[in-house]
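The values are calculated or read from the model by the stated rules, or taken from the named source; none is laboratory data. Since the model is a prediction, treat every value here as computed from it, not as a measurement. Note that we place each Cβ from the backbone using ideal geometry, even for glycine, and neighbour counts take in every protein chain shown. The accessibility values were calculated without ligands, DNA or RNA, using every heavy atom of the protein model including side chains. Shrake-Rupley method; radii C 1.70, N 1.55, O 1.52, S 1.80 Å.
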Amino acid sequence: MLPIELWTGVVALIGLAFAAYLATNLKKQKVVDQKAKEISDHIHDGAMTFLNKEYKILVIFVIVVAVLILLAPALSWKTAITFVIGAAFSIAAGNIGMRVATMANVRTAEAAKKDLSSGLEVAFSSGSVMGLTVVGLGLLGVSVLYTIFKDPQIIYGFGFGASSVALFARVGGGIYTKAADVGADLVGKVEAGIPEDDPRNPATIADNVGDNVGDVAGMGADLFESYVDSIIAAMALGILGVATFGEQAVILPLVLAAVGIVSAILGNFVVKFFKKSSPHKVLNWGIWSASGFTAIGAFPAIYYTIGHMGVYYSLLTGLVAGIVIGLVTEYYTSDKRKPAQEVAKASESGPATNIIAGFALGLMSTVVPVLVVSAAIFLSSQFAGLFGIAIAAVGMLATLGITLAADTYGPVADNAAGIAEMAGMGQEARERAEELDAVGNTTAAIGKGFAIGSAALTALVLLVSFGQAVNLEIVNLLDSNVLIGLFLGALLPAVFSALSMKAVGKAAFEMVQEVRRQFKEIPGIMEGTGKPDYKKCIDISTAAALKRMIAPGLLAVSAPIIVGLILGAPALIGMLSGSLVTGFLLAVIMANAGGAWDNAKKYIEAGNLGGKGSEAHKAAVAGDTVGDPFKDTSGPALNILIKLMTIVSLVIAPLLVL
């Protein structure tokens, strides 16, 4: 009889097999429009070129860090091995998802020529490949490594590897995509007055490439590390809770993750069953049904492993908290809701009022997520102590296989709309793809809500684990070193955001200059007789992203090491606490403000307040370009920052034991 942790590995393999099945079916779908296929091939080649260059840098980083872990006193060679494996799995998750997304974009556009539900099915299937690959590789890695080492403390290295790659992938991909997006919008839409994704715009291919490297590969690596960190943190606390919850408490997080994978697969069938409904309803049915299946499946899983129903209630708390945060995010960012429409209305008096309204919305949108996370912490700790908080985080991410599918679906639909426009596939195909894209903006916002909420809970659990690892149960807030750490921690998310946003600004400036140059110097572009130099714009985004992703990444890895070794473990706990609070708030503000600016623009483009080309539209485009690095570069990367710093602290904990 296989041990339970290997059975969970088998479930992970089933998830990966289902992802492979979906990918195979997607590949079989024929592409008739050869011009669309040519554009899709350009997008694929550009994305792979960027990823291959990014991976060369990441390989050097991984090797250097692995050697430092090996050389450091009190750190284990086992940690170095798990670190390398975690980095490799994270790279694989993002890479596989991006390959499938760049294959599916043209097939989504092709399917949209037939009807809306066909386009939805193709785009969502590609997203499901990403989602199931992430959870499958995550659960497989943790299950196998725990079977080998029998120590979650060692597996922190796996989380460290995953988090490191995720940060560089998220920041690098975010800089790439937003530099191209801002350049394409400001010069193409505002100055030249041509439609989005118009083939005359030299930045369009780079923009579509960016959707994949940022919102598919970057997002995949981001949520891969969230997923594995939540499982590992819960397993580590499970060891401490053996006396209360029984010996199986350590492997319960693996079992619950396996239940989540099965639920995500069932949710895929629900989406297929309801595919004739509106895209928004279909995706919601898939996510909510997967949550329901998880709640049902978790009951016997918990009852027959540890028999403590307080843990089950903690899981439900996490599930419900994730759903509530997702719904609140949707409320603040959807173009069908009042908040984003008010931002659109503010555009009538210019870009300044649009930006003020959007930023105020982002600030106000923090209230409910903070209250929900606080309630989740309180309730889950009442039900099952610290272990309950960890299980709530696992519950929030249990259905990641389908929530990430709904998230990744967005950039695929966005690419499909762009390809339909550039290839001239007809008004009907373009409009259907745009409708799918509009829904994708909302699902992406919901996905960011899940990611932010789970990041806060997971970072909190990892913080508690660090305190126990260094034998520090009480922190004196009046201690000067702790106060210094607290202020430094509060500062880090601001500095990190500044570095990543400044990187987008500089890269976007270069892109704007290049697009203006081509419009001016290449004859016949605006008439459609001259061909833009797409490759030059791709090169600008690639070089900018690779160069400017390094500083924010090194800051996140080095800060806890420097503070811990110089000021000690109490100061480091202060720093982690400060970064957790400000990082969580900033992430919510940026994600929701950015989403609202984007959908306010789309609300106007749908024919409201003067429609495309109006002064309100131009103001909304300006707001959207401000929101681009908010929601797709700095905001999402903050989730990784607060967890990565805690994981680094746990890895170096043996050097700081009091």
Would you be able to say whether some residue in the stretch 82-95 is without any contact (Cβ under 8 Å) to a residue 40 or more places away in the chain, in a helix (DSSP H, G or I) and out of contact with any strand residue (DSSP E or B) (no Cβ under 8 Å at 6 or more places or on another chain)? no
Would you check which residues across the stretch 423-470 are over 15 Å from G318 (Cα atoms) and polar (S, T, N, Q) and list them? Q427, N441, T442, T443, S465, Q468
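Right, L546: open to solvent by 40 Å² or more (accessible area, probe 1.4 Å) and part of a helix (DSSP H, G or I) or not?
no
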Quick one: in the stretch 561-593, which of the residues that are farther than 15 Å from I452 by Cβ, touching a residue at least 60 places away in the same chain (Cβ under 8 Å) and among the β-branched types (V, I, T) is surrounded by the fewest Cβ atoms within 10 Å (Cβ to Cβ)? I561
Residues A559, A571, A543, A551: which one is small (G, A, S) and out of contact with any helix residue (DSSP H, G or I) (no Cβ under 8 Å at 6 or more places or on another chain)? A543
Find the residue count for the stretch 589-617, including only residues that are of a type in the set (D, E, K, R) and modelled with pLDDT under 90. 4
What number of residues in the stretch 268-293 are surrounded by fewer than 17 Cβ atoms within 10 Å (Cβ to Cβ) and closer than 16 Å to L400 by Cβ? 2
Inside the stretch 328-423, counting only helices (runs of 4 or more DSSP H) that do not spill past its ends, which hold 1 or more residues that are over 30 Å from V135 (Cβ atoms), open to solvent by 10 Å² or more (accessible area, probe 1.4 Å) and of a type outside the set (D, E, K, R)? 338-346, 351-364, 367-397
Among the listed residues S278, S226, S230, which satisfies the condition of being under 17 Å from A298 (Cα atoms) and out of contact with any strand residue (DSSP E or B) (no Cβ under 8 Å at 6 or more places or on another chain)? S230
A162 meets each of (1) modelled with pLDDT under 80; (2) within 19 Å of the chain's Cα centre (by Cα) with one exception, condition (1)
Taking V106 as the residue in question, decide whether it is crowded, with 24+ Cβ neighbours inside 10 Å and either free of Cβ contacts under 8 Å to residues at least 60 places away in the same chain or not aromatic (F, W, Y) (or both). yes
List every residue pair whose Cβ atoms sit under 7 Å apart, with the two residues 6 or more apart in sequence or on different chains, where the first one lies in the stretch 594-617 and is closer than 23 Å to T329 by Cα and the second, anywhere, is buried (at least 16 other Cβ atoms within 10 Å of the Cβ) and of a type in the set (V, I, T). G595/T333; A596/T333; A596/V343; W597/V343; W597/V626; N599/T333; A600/V343; K601/V621
When restricted to A162, A206, A180, A166, the only residue part of a helix (DSSP H, G or I), in contact with a Cys (Cβ under 6 Å, 6 or more places away or on another chain) and open to solvent by less than 10 Å² (accessible area, probe 1.4 Å) is A206
Need pairs with beta-carbon distance below 7 Å; first residue in contact (Cβ under 8 Å) with a residue 24 or more places away in the chain and within the stretch 310-336, second of a type in the set (D, E, K, R) and buried (at least 24 other Cβ atoms within 10 Å of the Cβ); sequence gap 6+ or separate chains. T329/K448
Of those in the stretch 1-32 that are open to solvent by 30 Å² or more (accessible area, probe 1.4 Å) and in a loop (DSSP other than H, G, I, E, B), the residue farthest from A405 (Cα to Cα) is M1
Top-ranked residue of the stretch 450-476 - restricted to ones that are surrounded by fewer than 23 Cβ atoms within 10 Å (Cβ to Cβ) and not aliphatic (A, V, I, L, M), ranked as farthest from G635 (Cα to Cα): N471
Residues of the stretch 295-309 satisfying the condition of being buried (at least 19 other Cβ atoms within 10 Å of the Cβ) and either more than 21 Å from V11 (Cα to Cα) or of a type in the set (S, T, Y) (or both): T305, H308
Would the stretch 130-153 turn up any residue that is at pLDDT below 90 and crowded, with 24+ Cβ neighbours inside 10 Å? yes
Options G574, G610, G595, G578; residue that is of a type outside the set (D, E, K, R) and under 13 Å from G358 (Cβ atoms): G595
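If the requirement is being within 21 Å of I566 (Cα to Cα) and open to solvent by less than 30 Å² (accessible area, probe 1.4 Å), which of these qualifies: G489, G447?
One residue alone meets the criteria, G489.
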As an exercise: evaluate D185 against (1) modelled with pLDDT under 80; (2) open to solvent by 10 Å² or more (accessible area, probe 1.4 Å); (3) part of a helix (DSSP H, G or I) and give the number of the one condition it does not meet. (2)
